[in-house]
1. Computed over the Cα atoms, what is the radius of gyration of segment 203-287 divided by 2.2 N^0.38 Å, N being its residue count?
2. If you average the sequence gap of Cα pairs under 8 Å that are 6 or more apart and divide by the length of segment 2-203, what percent do you get for the contact order?
3. Along segment 129-143, what does the Karplus equation 6.51 cos²θ - 1.76 cosθ + 1.60 (θ = phi - 60°) give for ³J(HN,Hα), rounded to whole Hz, x for Gly and Pro?
4. Taking amide H atoms as placed 1.01 Å from N in the peptide plane, list the residues 5 or more away in sequence, or in a different chain, whose amide H sits under 5 Å from that of D214.
5. Given the pairs K21/K105; K20/K191; K129/K159; K105/K191; K105/K248; K77/K219, which span a C-alpha to C-alpha distance of over 25 angstrom in this model?
6. Subtract the Cα-Cα distance of N231 and K219 from 0.36 nm times their separation in residues, and report this length gain in nm to one decimal.
7. Farthest toward the dipole's positive end in the chain, which of N43, I178, N116, given Cβ charges of +1 (Lys, Arg) and -1 (Asp, Glu) about the Cα centre?
8. What size of dipole, in debye to the nearest 20, comes out for the chain about its Cα centre when the only charges are +1 on Lys and Arg C-beta atoms and -1 on Asp and Glu C-beta atoms?
Amino acid sequence: MVKFDIVSGFLGAGKTTLVKKILHSLDTCEKIVLIENDFGEVNVDREIIEIEGFEVYELSNGCVCCKLKGDFLLTLKHLLSQEIDRIIFEPSGIFILSEILDVFKDIEVSSKCFINSVTTVVDAQNFTKHIQSYSGFFKSQILHASSLVISKAQFLNDKEIYLLEHELRTLNETAHIISKNWAELSNQDIKDLINGNSNSSLNVPKHFLNHNFDSMGLKTSRLLSLEQLENILGTCKKGGFGDVIRGKGILNSGAKYFEFNYVDGQYSIMESTDVEVGIISFIGNNLQKEKLTAAFR
Ligand SMILES: Nc1nc2c(ncn2[C@@H]2O[C@H](COP(=O)(O)OP(=O)(O)OP(=O)(O)O)[C@@H](O)[C@H]2O)c(=O)[nH]1
């Protein structure tokens, strides 16, 4: 049977960062395939992971729990017709687990594949905001996880981490919780994560949440200096492009490529040494898409 491991978490929580760690910790004899689902029109994560030599299937411009459910089933059946051992699935940040369980009721799928683990990444820095503003998505991701991994823990003190762990425990009584700095995660920690017991996830009650978020994304050959990129992200922070929840991309400055990440008002930029494409993706509410397009194209 093929193992199906889900790495969920709200927008910008750290899913792709964790998926990369998982891919590098697993047994190299296993044939692993990754499915990347991005709510936006273009898939930045695929560019980032594929370059590391892993096979990535992309489902973009919607969520597999609603708009792309049919595409997801077809992709899964296609993959299960091949000789593989494990599928790692990174859904969009606004994914609802219960909505894809139907796919696992399909006889062809259920005879070849089972949900092995559901790991949810919890963004320590933005936990309070996410639980207050996006409670439906976020709570369901926490509630049905077999493992909860706290990201960005270094931004909280010990007492705050303790309180966060306590709050997570009240939402999910059984999940394995990891709150250590990700730089210290061992291969064994990662293996323990995806060897969690996913039974709870298989009895998830059905519910529907409206995915009424805006998104925009594009591929671009425009050259943007670091200063120009910082100005754009500064404007983002001030609300100049609408209410941006998540932005990410890779851009050419001429001399080098930069990867940027914007999560709820905080951004980081680092040099991209491997991936050399111009690609951006933004998700939020009331996005000023034309203004964003003009800034990057
Ligand atoms: N300092 C710190 N940064 C982190 C950690 N985990 C993730 N990040 C940063 O958070 C940003 C978002 O990380 P991703 O892994 O792309 O998040 P994601 O959940 O895949 O994002 P989407 O799929 O776009 O919603 C990046 O800038 C990461 O470097 C962490 O534990 N510590």
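Read the figures in this text as sums done on the coordinates, not as results from a lab. Predicted model, so just to flag it, every value in this text is computed and none were measured. We place every Cβ from the backbone using ideal geometry, glycine too, and count neighbours over all the protein chains shown.
1. Numbers: Rg = 15.0 Å, N = 85, 2.2 N^0.38 = 11.9 Å.
Its radius of gyration relative to the 2.2 N^0.38 Å reference: 1.26.
2. Working: 371 pairs, mean separation 54.0, N = 202.
Worked out over segment 2-203, it gives 27 percent.
3. Ordered by residue, 3J(HN,Hα) equals 5, 5, 6, 7, 8, 10, 3, x, 5, 5, 5, 5, 5, 6, 4 Hz.
4. Amide H neighbours of D214: G284, N285, N286, L287.
5. Those over the limit are K21/K105; K105/K191; K105/K248; K77/K219.
6. Working: separation 12, 0.36 × 12 = 4.32 nm, distance 1.97 nm.
Between N231 and K219, full extension yields an extra 2.4 nm.
7. So the residue we want is N43.
8. On the way: 30 positive and 39 negative charges, 131 e Å.
Its charge dipole is roughly 620 debye.
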